[in-house]
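The values are calculated or read from the model by the stated rules, or taken from the named source; none is laboratory data. As the structure is a prediction and not an experimental result, all values here were calculated from the model. Cβ coordinates were reconstructed from backbone atoms using ideal geometry, including for glycine residues, and neighbour counts include every protein chain displayed. Protein only, heavy atoms only, side chains kept; ligands, DNA and RNA dropped before computing areas. Shrake-Rupley method; radii C 1.70, N 1.55, O 1.52, S 1.80 Å.
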Amino acid sequence: MSSLETPERTRVFPVIGLEVHAQLQTRSKMFCPCPVTVGDEANAATCPICLAFPGTLPVLNREAVTLAMRLALATGSEIHRDSRFSRKNYFYPDLPKGYQITQYDRPIATGGGIEIDTPGGSRTIRLTRIHLEEDAGKSLHDTPFADVPSTVSLVDWNRAGVPLCEIVSEPEVRTAEEAASYLTELRRLLRFIGVSDADMEKGNLRCDANVSVRLSEDEPFGTRVEIKNLNSIRFVAKAIEHEIERQAESLRRGERIVLETRLWDEKSSRTVPMRGKEEAQDYRYFPEPDLGALRIDDAWMSEAAATMPELPRARRARLLAAGVPASDAETLTSARELADYFEQTAALASTRLAANWVTGEVLRWMKERRISAEDALSFPVSPARLAGLLRMLEAGEISAASGKEVLAAMIDSPAEAAALVTEKGLGRISDAGELDRVASEIVASSPGQVALYRSGKTATFGWFVGQVMKRTGGRADPSSVREAITRALETDNG
Ligand SMILES: [Zn+2]
């Protein structure tokens, strides 16, 4: 090896486990009647229970349990008929009780998995557990108030006691891309089954990643580093990518990896140390004395199963079988509401055209207005009206260009497609006489192009087609146009 060559880099094998916190879509908090959704006013949604006044007792939110059961069913996890709550003790100002009620040694569900797509095909990342717990409040270190000195931190307990479920994966994720794929699938699933809005920007879905590396796949797992509070799928992928490289560099230098918790710093694009990693004993877990066992009977099980919608992967497979192209099926099943909008349209028009127009024009309009796929059913043109337009396109009564113009008009008007086509004069020119007249005029006024065509440059024919299309505003049927040009060239005597 010459001195100019860099030494061969040691290959490392990453091991990644993901812990995801999803806020459950309930109206009230986990153990008290305080509302989950409040305005901006700090500490408005608090009561003696979530503020841990002495003498108060928690009452378990039944809906939170049903939602966690629905997620467990959707991931093929085993729901335990008897699970328990524990206290996880730690001191932090955003935690009014001084402990968090969570499930520790007896979670509501174990096992199951999330199927992800990888370059090598689909693969299931198994789940260790799904458990219920309450959220902590929020500390505000940069206070927005002019009369509060910058040395003072404020606390907002509106979020304290909001129901969460934690989804813990087995350490089976191997790359940053797989982690992103896992989170994308999990987020879609949570939304599809109405368990969580899984909005990462609002902090309603948060991910911690445990990352370790080893020098061969046969070695035991290396020391893991936890990266906390990743709030976008892109950051998760970037943080894991960076952390793998950081640990690999350490190993190459012969250093030991330190068990710790790190944070992703987007500004410097690297993970930075946060604190030493706590172990379970640091939390002095013990059974929550104020709550009995969580027992789930057959009736409750049936109730959770009865409200389960078709799962996204099953729905995607069904769309593929109906002839929807793969990339469209992926887009259309990104949200249940979008898939509903598409299927209601496709029930009344061609599947292929419906897929094409919903993923094209409809989504483009929504994206421009920052409307999410979950709000697809609020698109101003109902599936029935869109289907009316698509049927005219399919029958060749209007061109695709005219179709876009009609759709734009339909967004601002309650009128049906047919009425707007008539009103705007966008119907196809099927009158052969009119096309002949236009074709003859163009042929007569373009001697140069005619000469080229006659000298054997048959590609010039396309130029004539383009001219007629332009003159007729794209409303003429292409095959009728070709026939008209052929007739015009035959009768033209130069
Ligand atoms: Zn409360």
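Looking at (1) surrounded by 18 or more Cβ atoms within 10 Å (Cβ to Cβ); (2) more than 16 Å from the ligand (Cβ to nearest atom), which is the one condition that is false for Thr151?
The failed condition is (1).
Do the conditions hold for Arg270, that is, is it more than 27 Å from Phe13 (Cβ to Cβ), open to solvent by 50 Å² or more (accessible area, probe 1.4 Å) and not acidic (Asp, Glu)? Outline the logic, then answer.
Working: more than 27 Å from Phe13 (Cβ to Cβ): no; open to solvent by 50 Å² or more (accessible area, probe 1.4 Å): yes; not acidic (Asp, Glu): yes.
It is false that Arg270 is more than 27 Å from Phe13 (Cβ to Cβ), open to solvent by 50 Å² or more (accessible area, probe 1.4 Å) and not acidic (Asp, Glu).
Taking the conditions exactly as written (assigned to a loop (DSSP other than H, G, I, E, B) and of a type in the set (Ser, Thr, Tyr)), does Ser480 satisfy them or not? Let's see the steps before the verdict.
Details: assigned to a loop (DSSP other than H, G, I, E, B): no; of a type in the set (Ser, Thr, Tyr): yes.
No; evaluated as a whole, the condition is false for this residue.
I'd like to check something: does the range 82-90 contain any residue that is over 16 Å from Leu291 (Cα atoms), at pLDDT below 95 and open to solvent by 20 Å² or more (accessible area, probe 1.4 Å)?
The answer is yes, given that some residue of the range 82-90 is over 16 Å from Leu291 (Cα atoms), at pLDDT below 95 and open to solvent by 20 Å² or more (accessible area, probe 1.4 Å).
State the number of residues belonging to the range 31-58 that are among the polar types (S, T, N, Q), open to solvent by less than 50 Å² (accessible area, probe 1.4 Å) and farther than 22 Å from Arg84 by Cα.
1
Confirm whether Ala72 is at pLDDT below 95 and out of contact with any helix residue (DSSP H, G or I) (no Cβ under 7 Å at 6 or more places or on another chain).
Values: at pLDDT below 95: no; out of contact with any helix residue (DSSP H, G or I) (no Cβ under 7 Å at 6 or more places or on another chain): yes.
No; evaluated as a whole, the condition is false for this residue.
Just to check your reading of the model, which residue among Ile167, Ile193 is within 30 Å of Thr333 (Cα to Cα) and at pLDDT 95 or above? So that I can check it myself, show each step before the final result.
Working: Ile193 fails: at pLDDT 95 or above.
Just one listed residue meets the conditions, Ile167.
Give me the residue from the range 206-226 that is among the aliphatic types (A, V, I, L, M) and at pLDDT 95 or above and, out of that set, nearest to Ala22 (Cα to Cα).
From the range 206-226, those among the aliphatic types (A, V, I, L, M) are 209, 211, 213, 215, 225; that's our starting set.
With at pLDDT 95 or above added as a condition, the list becomes 209, 211.
Working: Ala209: 15, Val211: 21 Å.
Residue satisfying both the conditions and the ranking: Ala209.
Among (1) open to solvent by less than 50 Å² (accessible area, probe 1.4 Å); (2) assigned to a loop (DSSP other than H, G, I, E, B); (3) farther than 27 Å from Ser212 by Cα, which single condition is Asp142 missing?
The failed condition is (1).
Restricting to the range 46-58, and then to whatever is touching a Phe, Trp or Tyr at 6+ places or on another chain (Cβ under 8 Å) and within 18 Å of Leu164 (Cβ to Cβ), can you tell me which residue is farthest from the ligand (Cβ to nearest atom)?
Here is the first cut: in the range 46-58, the residues touching a Phe, Trp or Tyr at 6+ places or on another chain (Cβ under 8 Å) are 46, 49-51, 58.
Filter again for within 18 Å of Leu164 (Cβ to Cβ), leaving 46, 49-50, 58.
Details: Thr46: 6, Ile49: 5, Cys50: 3, Pro58: 10 Å.
Only one residue fits best here, namely Pro58.
What number goes with the only condition from (1) surrounded by fewer than 19 Cβ atoms within 10 Å (Cβ to Cβ); (2) within 30 Å of Pro312 (Cβ to Cβ); (3) within 14 Å of the ligand (Cβ to nearest atom) that Asn61 does not pass?
(1)
If I filter the range 94-139 down to residues being open to solvent by 70 Å² or more (accessible area, probe 1.4 Å) and over 21 Å from the mean Cα position of the chain (by Cα), which single residue comes out as farthest from Ala314 (Cα to Cα)?
Lys138
What is the number of the single condition among (1) open to solvent by 50 Å² or more (accessible area, probe 1.4 Å); (2) outside the structural domain of Glu63 (by TED's automatic domain parsing) that Arg315 does not meet?
Of (1) open to solvent by 50 Å² or more (accessible area, probe 1.4 Å); (2) outside the structural domain of Glu63 (by TED's automatic domain parsing), only one is false for Arg315: (1).
Picking from Glu226, Glu241, Glu279, which residue would you name as being of a type in the set (D, E, K, R), within 24 Å of Pro107 (Cβ to Cβ) and touching a Ser or Thr at 6+ places or on another chain (Cβ under 9 Å)? Before the answer, list the steps.
On the way: Glu241 fails: within 24 Å of Pro107 (Cβ to Cβ); Glu279 fails: touching a Ser or Thr at 6+ places or on another chain (Cβ under 9 Å).
After applying the criteria, what remains is Glu226.
Evaluate the range 341-355: report whether one residue or more is of a type in the set (A, V, I, L, M, F, W, C) and open to solvent by 50 Å² or more (accessible area, probe 1.4 Å).
Step one: list which residues in the range 341-355 are of a type in the set (A, V, I, L, M, F, W, C), which gives 342, 346-349, 353-355.
Narrowing further to those that are open to solvent by 50 Å² or more (accessible area, probe 1.4 Å): 347-348.
Taking every residue of the range 341-355 in turn, at least one turns out to be of a type in the set (A, V, I, L, M, F, W, C) and open to solvent by 50 Å² or more (accessible area, probe 1.4 Å).
Between residues in the range 202-230 that are of a type in the set (Phe, Trp, Tyr) and residues that are open to solvent by 20 Å² or more (accessible area, probe 1.4 Å), which pairs lie under 9 Å by C-beta distance while being six or more apart or on different chains?
Sorted first by the residue in the range 202-230, then by its partner, the pairs are Phe221/Pro171; Phe221/Arg214.
Could you grab me the full set of residues in the range 124-156 that are of a type in the set (A, V, I, L, M, F, W, C) and in contact (Cβ under 8 Å) with a residue 12 or more places away in the chain? Explain how you work it out, then say what you get.
In the first step, residues of the range 124-156 are kept if they are of a type in the set (A, V, I, L, M, F, W, C); the result is 125, 127, 130, 132, 136, 140, 145-146, 148, 152, 154-155.
Within the range 124-156, Ile125, Leu127, Ile130, Leu132, Ala136, Leu140, Leu154, Val155 meet the criteria.
Quick one: Arg214 ticks every box in (1) crowded, with 18+ Cβ neighbours inside 10 Å; (2) among the charged types (D, E, K, R); (3) over 24 Å from Thr46 (Cβ atoms) except a single one, so which number is it?
Among (1) crowded, with 18+ Cβ neighbours inside 10 Å; (2) among the charged types (D, E, K, R); (3) over 24 Å from Thr46 (Cβ atoms), the lone unmet condition for Arg214 is (1).
Show me the helices (runs of 4 or more DSSP H) entirely contained within the range 233-346 in which 3 or more residues are in contact with a strand residue (DSSP E or B) (Cβ under 7 Å, 6 or more places away or on another chain).
Details: elements: 233-252, 298-306, 312-321, 326-332, 336-346.
By residue number, 233-252.
Assess whether Ala417 counts as being over 14 Å from Val468 (Cβ atoms), in contact with a Leu (Cβ under 9 Å, 6 or more places away or on another chain) and assigned by TED's automatic domain parsing to the domain that holds Ala346. Let's see the steps before the verdict.
Details: over 14 Å from Val468 (Cβ atoms): yes; in contact with a Leu (Cβ under 9 Å, 6 or more places away or on another chain): yes; assigned by TED's automatic domain parsing to the domain that holds Ala346: yes.
Yes.
Restricted to the range 11-45, and to residues that are among the basic types (Lys, Arg) and within 13 Å of the ligand (Cβ to nearest atom), which residue is nearest to the chain's Cα centre (by Cα)? So that I can check it myself, show each step before the final result.
Taking the range 11-45 as the starting set, the residues that turn out to be among the basic types (Lys, Arg) are 11, 27, 29.
Next, only the ones that are within 13 Å of the ligand (Cβ to nearest atom) stay: 27, 29.
Working: Arg27: 23, Lys29: 25 Å.
Filtering first and then ranking leaves Arg27.
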